Amino acid sequence: MMKNNNSSDLSHHILPNSATMVGVCIMVISIVKSMAPGLANYLIDKALAIDSLLFMISALLSFSSLRLDRCTEGLERWAEMIFLLGLISMTLITVVFSFEII
């Protein structure tokens, strides 16, 4: 089955960016772990762990859409939606962390 160039281009962008965001989540988790324990740090730690999973799922779906000949548009659409969900949740976590809303 022939792939659409626009489709594969999107997966080529989602895959490395998702992997990078997993690394960012891990780095921030390690920073939060080095701080004094508290409810806010605990919640941010857990939220970033879930966010890291979202980015990993997005990366796996993007990778699958590049490797498979069928269902690539559906996989890529899911990868894009989960990636955006991860970005939105990371932004919310950042606001909570920065302004100590909790």
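For the range 42-60, a residue qualifies if it is open to solvent by 30 Å² or more (accessible area, probe 1.4 Å) and modelled with pLDDT under 90, and the qualifying residues are Tyr42, Leu43.
In the range 54-76, what residues are part of a helix (DSSP H, G or I) and out of contact with any helix residue (DSSP H, G or I) (no Cβ under 9 Å at 6 or more places or on another chain)? Reasoning before the result, please.
Kept after step one, since they are part of a helix (DSSP H, G or I), are these residues of the range 54-76: 54-67, 72-76.
Answer for the range 54-76, where residues must be part of a helix (DSSP H, G or I) and out of contact with any helix residue (DSSP H, G or I) (no Cβ under 9 Å at 6 or more places or on another chain): just Arg67.
Among the conditions (1) touching a residue at least 12 places away in the same chain (Cβ under 8 Å); (2) open to solvent by 100 Å² or more (accessible area, probe 1.4 Å); (3) over 11 Å from Ser18 (Cβ atoms), Ser89 misses just one, which is (2). Filtered by the rule that a residue be touching a helix residue (DSSP H, G or I) at 6+ places or on another chain (Cβ under 8 Å) and within 25 Å of Ile82 (Cα to Cα), the range 25-39 gives Cys25, Ile26, Val28, Ile29, Val32. One residue alone among Phe63, Phe83, Phe99 is open to solvent by 40 Å² or more (accessible area, probe 1.4 Å), of a type outside the set (D, E, K, R) and within 24 Å of Ile44 (Cα to Cα), and that residue is Phe99.
Residues that are under 13 Å from Phe97 (Cβ atoms) and either loosely packed, with under 14 Cβ neighbours inside 10 Å or in contact with a strand residue (DSSP E or B) (Cβ under 6 Å, 6 or more places away or on another chain) (or both) within the range 32-41 comprise Met35, Gly38, Leu39, listed in sequence order.
The values are calculated or read from the model by the stated rules, or taken from the named source; none is laboratory data. All figures in this text were calculated on a predicted structure; none of them were measured in a lab. Here the Cβ is made from the backbone with ideal geometry for all residues, glycine too, and neighbour counts use every protein chain on show. These accessible areas exclude ligands, DNA and RNA; they are computed on the full protein's heavy atoms, side chains included. Shrake-Rupley method; radii C 1.70, N 1.55, O 1.52, S 1.80 Å.
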